[in-house]
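Structure, as structure tokens:
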Amino acid sequence: MYKTIIRGAKIIDGTNSPEFESDVAITATGRLKLLPPGTKTDAKSEFEAGGLFLAPGFIDVHTHDDTNVIRTPELLNKISQGITTVIVGNCGISASPVTLKGDVPNPLNLLGEKKHFIYPKFSDYLRAVESAKPSVNVAALIGHTSLRSNHMDDLFRPASESEIEAMRLQLRSALADGAIGLSSGLAYDTAYEAPKEEVMELVEEVAQAGGVYTTHMRSEFEPILDAINEAFDTAGHKDVPLVISHLKCAGAANWGRSDEVLELLKERSIEARFACDCYPYSASSSNLNLKEVTDKNDILITWSQDHPEQSNRMLADIAEEWNLSLMDTARELMPAGAVYYCMSEEDVQTFLRYERTMIGSDGLPNDPHPHPRLWGAFPRVLGHYCRELKLFDLPEAIHKMTGKSAKEFGLKDRGVISDDYFADLVLFDFEKVSDRATYQTPDQPAEGIEKVWVNGVLSYQNGSKECGRAGRFLRKESGN
Ligand code: ZN
Ligand code: CU
């Protein structure tokens with residue numbers, strides 16, 4: 001007997017194929033079985049979808065939810081978008097394995113405060129996620145910057161041979177325990193001094209384990225082409241699959257170069273396994289960085305340790321009020337968080353449309369005034385970019401959030417609606433789906449996401465604040 005049967009939905013299966021009609025049954029073990037419409041069966045619960053679309057649950061390939069999947073396991077900001085799996089540990093920062101020596105280094109502090117870093121081994125982290133029972137599945141990358149901070153007393157220099165050896169051992173053990181790969185954040189000051197040879201040595205471990213290498217490249221500004229070449233050289237050292245994180249042309253001087261970037265990506269990817277992720281907004285967000293302070297684009301302050309009252313105000317307005325330069329104002333506010341309106345909309349659309357692009361939110365759940373991508377990224381792709389702007393058709397939009405993502409990151413039996421795949425599902429109203437989160441009011445669940453199942457358990461219903469807690473830790477290749 002089936003647990004649930006969903007009838008009358010239009011199926012978009014995640015493989016970039018056209019929609020079709022089918023009844024979809026969920027087995028007792030939380031797997032899928034497709035049945036011809038109207039098949040008579042026994043099921044504990046039967047649900048009539050009334051022509052809404054049913055897709056595989058969305059996979060957020062770029063998140064910083066490392067500690068949040070444990071601390072706030074409901075993850076309403078994710079499941080309310082139809083997300084059923086998050087990949088944590090991006091941009092060189094993972095919550096494990098981490099043993100802090102002092103303060104939390106930049107940008108590891110995006111993941112939480114000192115008291116939240118309590119996982120010296122990856123297996124500690126994995127067990128903590130399992131006992132927290134988050135609403136969504138979790139797969140984890142290991143951050144290069146996290147490894148550096150474990151083994152180096154000074155992050156503003158290259159690692160020595162013995163430090164690299166220590167990082168390798170730690171990475172090897174995390175990969176053996178089920179981490180899916182390595183991430184780097186070479187643009188950040190705490191990894192910038194690492195030469196590519198340092199990362200290449202770690203990539204050797206990733207190759208041994210069959211993992212992926214993802215990178216927040218050394219630059220997304222004018223030197224972006226050099227940074228892309230470095231990323232391909234690093235992964236290519238051992239033919240490891242490469243994922244370039246949040247692909248963008250950042251900074252006014254770099255606008256309009258997306259075609260040039262794509263040309264290089266196409267050329268370099270001929271002999272490489274390569275994909276990238278992208279969030280559907282023309283503003284970025286991270287810690288406030290003096291190197292990115294400019295009068296060429298607007299900057300919104302999202303938090304400030306010493307001046308919390310300046311949250312949700314423009315840097316330029318604060319500077320005017322304080323009668324200081326932008327730079328001095330930024331210095332005064334730090335440590336702080338910012339949204340940088342640093343991209344051209346045209347470049348964003350070019351990258352979103354690119355066939356190798358997957359969707360990742362890059363949401364920052366610990367920011368008190370987060371970039372709206374935290375709550376809105378996936379519905380915004382469906383509503384704004386697919387339905388309104390017709391940047392791509394619906395099967396392609398869904399593919400970029402599901403089947404492609406599962407394949408690139410090696411998530412077994414996920415991301416596709418097909419027999420025996422896990423029953424991670426989202427039912428949505430394509431006419432209504434839209435993001436409601438804005439830069440001013442970012443904590444807004446989306447519209448049009450009607451029901452979400454995780455591992456066969458109905459885990460979210462539109463408007464509800466309660467979430468199921470059926471997420472699992474996805475160890476590499478295990479399919480659990
Ligand atoms: Zn990043
Ligand atoms: Cu990131």
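Select, from Pro97, Pro73, Pro120, Pro158, the only residue that is touching a residue at least 24 places away in the same chain (Cβ under 8 Å) and within 17 Å of the chain's Cα centre (by Cα).
Selected residue: Pro73, the only one of Pro97, Pro73, Pro120, Pro158 that is touching a residue at least 24 places away in the same chain (Cβ under 8 Å) and within 17 Å of the chain's Cα centre (by Cα).
Yes/no per residue for (1) assigned to a loop (DSSP other than H, G, I, E, B); (2) not aliphatic (A, V, I, L, M):
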residue: Met401; (1), (2): yes, no
residue: Lys404; (1), (2): no, yes
residue: Arg414; (1), (2): yes, yes
residue: Ile417; (1), (2): yes, no
residue: Val426; (1), (2): no, no
residue: Lys432; (1), (2): yes, yes
residue: Arg436; (1), (2): yes, yes
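Restricting to the stretch 139-158, name every residue that is over 21 Å from Asn109 (Cβ atoms) and small (Gly, Ala, Ser).
Result: Ala139, single match.
Could you tell me whether Thr4 is closer than 14 Å to Lys451 by Cβ and modelled with pLDDT of 95 or more?
Judged against the criteria, Thr4 is a match.
What is the number of the single condition among (1) in contact with an Asp or Glu (Cβ under 7 Å, 6 or more places away or on another chain); (2) hydrophobic (A, V, I, L, M, F, W, C); (3) free of Cβ contacts under 8 Å to residues at least 24 places away in the same chain that Leu32 does not meet?
(3)
Please give the helices (runs of 4 or more DSSP H) falling wholly within the stretch 276-377 in which 1 or more residues are away from ligand 2 (no atom under 16 Å from the Cβ) and under 29 Å from Lys407 (Cβ atoms).
Qualifying helices (runs of 4 or more DSSP H): 345-353.
Out of the residues in the stretch 237-259 that are part of a helix (DSSP H, G or I) and hydrophobic (A, V, I, L, M, F, W, C), which is most open to solvent (accessible area, probe 1.4 Å)?
Looking at residues that are part of a helix (DSSP H, G or I) and hydrophobic (A, V, I, L, M, F, W, C), I get Ala253.
So, restricting to strands (runs of 3 or more DSSP E) that lie completely within the stretch 41-106, which ones have at least 2 residues that are away from ligand 2 (no atom under 16 Å from the Cβ)?
43-48, 53-56, 83-88
The values are calculated or read from the model by the stated rules, or taken from the named source; none is laboratory data. Predicted model, so just to flag it, every value in this text is computed and none were measured. Methodologically, a virtual Cβ is constructed for each residue, glycine included, from the backbone with ideal geometry; neighbour enumeration extends over all protein chains shown. What goes into the accessible areas is simple: the full protein's heavy atoms, side chains included, and nothing from ligands, DNA or RNA. Shrake-Rupley method; radii C 1.70, N 1.55, O 1.52, S 1.80 Å.
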